[in-house]
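Down below is the structure, laid out as C-alpha cells.
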Amino acid sequence: MFTPQIAEKAGLQKMPKRVNNLNGFGVRRSRWVQIKNILLMPVAFAIGLALTLTSCSGAGKQVEASEATVTVGVAKVVKKSLGQDLTLSSELVPFQEIDVYAKESGFVKKLQVDYGTHVKTGEVMAVLEIPELEAQLQEDQAEIKNASNQVTRAQHELSRYQAQYKALHLQYTRLNGVFESQPGIVAQQEVDDAQGKDLAASSQVDAGQAALEAAQSQLSVAKAKLAHDQTLYDYSKITAPFTGVVTERYANLGTLMQAGTGSSTQAIPLVKLSEDDLFRLVIPVPEAYVRDIRIGDPVNVLVPSLNRSFPGKVTRFSVDVRFDTRTMHTEVDVRNPQRLLVPGLYAEAHLQLGRKDNIPCIPVQALSHKAEETSVLVVNADGTLEIRKVQVGIESSSDAEVTSGLNEGEQVVVSDRAGLKPGEKVHAQLVAVPTYDQANANQ
C-alpha cells in the first residue's frame, strides 16, 4: 500500500491542502498541484516498492553472512611409540621373610635386637647359654689330648721296633754272606736263628706301624667329634641369615629356646626377620595379557599412601593359568634402597605390554564403534567431513594404533560429533587431547 511515509521516502511533498484564493489564478494553481500529485502517485509507489525489496534483499544477505561455519576440534595422525597399558593392584611383601629359630636348646644369655633393628648378614642377634655343650667340648678336648699321647707312644714304639729290626737284619745278612762265601765257618743253625730273629723284628715293625695308624685314626675321630660339638656350640650364637629388619620379637632374656627341629612341637622363634631392601609385588595377570608378559618388562609401581612411584621389573612368573581365577601368578621386584617401603603397603603396578615403535596413532576419542565396524570423521583438505572406516591395533588409555584407513598427517575429529554429517563444510582447529593420567591429575 502506498502511504505518506513511502511518498516522503520517494522525495514527494505531501498533498497540500486546498487553498481558497480570492482570484481565480490561485484556484487554478491549487488544482494543478492536486492533478500533478495524482499523476505522480504510481511513480512514487514503484520507487517505494523497489526500495522495500532492496532493503529486504540486503537483510537476507546479512542473515546468510551471519551464519558462521561450524568449528570442530581435530588431531593429526602421528607416529609414536605405543603399548597396551595394564594396571593391577596388590600388596608389597618382603622378598624374604622368615622366623629365626635356635638350632640347639638353650637359655637366652644375650639379646642384641628388638623391633625395628636392622641387621646385616652374619650379625649376631642373640647368644644362648648351653652348659651341656660346654662340658662336651671339654670332654672332646681331653679325648684329643689322650689320642695325641697314644700317637706319640705308638711313634716311639715304632722307632724302637725299627732299630731292633735294623740290627737283627744286618746280623742275618752278614752271617748268611759268610755262610755262602766260606762254607763250614758258620753253622747252618746260627744262620737260621739269625734269620728267625730278623723276621720277628720285621713283624714287630709292621705291628708298630699299625698301632701308630690306629692311634692316629683315634686322634682324627676325637678331633672330628670336637669339630662337630664345636659346630653345635657355635649355634648358641644366633646370627642373621640375610640383611633385613626385625619385625617381630618372641623371646626375652632367660627364655628357654627349644631347638627348632621338625620333631619339636614346643619350639618358638627368636625373631621374625624381613628383607627390607628388596620387595616383591605379586600380581594376577589376566589370561588375555599372558602372551605379552616378558621377563625384564619395566613396571611403574605407584604407592598411593606415599604418593610416590618406584621402578620395578617383571622377574618371574608361573607358566600356567589358574583354573579358578583365569590369571597367571606374576612377580615384580621393587628395590627399596632408601627404606621407604614397608611390608603390607597397597601398590598399583602399571605395565605397558606389546610395545611398538614408530606406528601411526590417533586419540581414542576419535573412534566410533558401531557393531563390528570402527570409523572416524576425517576433515579433508577442502574442509569437508568424510566418514572413514579404519582398522585399529593395540590401544592405550589415550591412543590407538591405526593399521589401515588413515595416512600420517590426516586430521580426525576428536570433539563432539553429534550433529556433524559427512559432506558438511567445517573449520578444523587442532586441539590438545588430554591423556588419562592428565585427566586424573586435574581431578
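The values are calculated or read from the model by the stated rules, or taken from the named source; none is laboratory data. Bear in mind that the values here come from a model prediction, so they are computed numbers and not experimental data. Quick reminder, even Gly has a Cβ in these numbers, built from the backbone with ideal geometry, and neighbours come from all protein chains shown. Side chains are part of the model used for accessible areas, which takes the heavy atoms of the whole protein and leaves out ligands, DNA and RNA. Shrake-Rupley method; radii C 1.70, N 1.55, O 1.52, S 1.80 Å.
What to note about this one:
- Complete set of residues in segment 372-422 that are open to solvent by 50 Å² or more (accessible area, probe 1.4 Å), farther than 16 Å from VAL78 by Cα and in contact with a Ser or Thr (Cβ under 9 Å, 6 or more places away or on another chain): ILE387, LYS389, SER397, ARG417, PRO422
- Qualifying positions in segment 134-153 - acidic (Asp, Glu) and out of contact with any Asp or Glu (no Cβ under 9 Å at 6 or more places or on another chain): GLU134, GLU143
- In segment 106-123, the residues that are within 18 Å of PRO241 (Cβ to Cβ) and either without any contact (Cβ under 8 Å) to a residue 40 or more places away in the chain or among the hydrophobic types (A, V, I, L, M, F, W, C) (or both): LEU111, GLN112, VAL113, VAL119
- ILE238 more than 30 Å from SER148 (Cβ to Cβ) and crowded, with 16+ Cβ neighbours inside 10 Å: yes
- Single residue of segment 63-86 satisfying the filter (assigned to a loop (DSSP other than H, G, I, E, B), open to solvent by 50 Å² or more (accessible area, probe 1.4 Å) and not polar (S, T, N, Q)) that is modelled with the highest pLDDT: ALA68
- Residues of segment 131-186 satisfying the condition of being under 27 Å from LYS197 (Cα atoms) and acidic (Asp, Glu): GLU157, GLU180
- Test: residue in segment 383-398 that is assigned to a strand (DSSP E or B), among the polar types (S, T, N, Q), within 25 Å of SER89 (Cα to Cα) and within 32 Å of the chain's Cα centre (by Cα): no
- Being surrounded by fewer than 17 Cβ atoms within 10 Å (Cβ to Cβ), among the hydrophobic types (A, V, I, L, M, F, W, C) and farther than 19 Å from PHE95 by Cβ is a description that does not apply to ILE295.
- Strands (runs of 3 or more DSSP E) (entirely within segment 87-136) containing at least 2 residues that are farther than 30 Å from HIS329 by Cβ: 106-111, 124-129
- Restricting PHE310, PHE279, PHE242 to residues that are more than 12 Å from the chain's Cα centre (by Cα) and at pLDDT 90 or above narrows the list to PHE242.
- The single condition among (1) open to solvent by less than 40 Å² (accessible area, probe 1.4 Å); (2) free of Cβ contacts under 8 Å to residues at least 60 places away in the same chain; (3) under 30 Å from GLU424 (Cβ atoms); (4) touching a Gly at 6+ places or on another chain (Cβ under 8 Å) that LEU367 does not meet is (4).
So that you can scan it fast, the table gives a plain yes or no per residue for (1) within 30 Å of PHE323 (Cα to Cα); (2) without any contact (Cβ under 8 Å) to a residue 60 or more places away in the chain; (3) of a type in the set (Lys, Arg); (4) open to solvent by 70 Å² or more (accessible area, probe 1.4 Å):
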residue	(1), (2), (3), (4)
HIS228	no, yes, no, yes
THR243	no, no, no, no
PRO269	no, no, no, no
LYS272	no, no, yes, no
ASP276	no, no, no, no
LEU281	yes, no, no, no
ALA288	yes, yes, no, yes
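- Any chance HIS427 is touching a residue at least 60 places away in the same chain (Cβ under 8 Å) and open to solvent by 90 Å² or more (accessible area, probe 1.4 Å): yes
- Within the set ALA126, ALA102, ALA154, the sole residue that is at pLDDT 90 or above and either open to solvent by 60 Å² or more (accessible area, probe 1.4 Å) or over 50 Å from the mean Cα position of the chain (by Cα) (or both) turns out to be ALA154.
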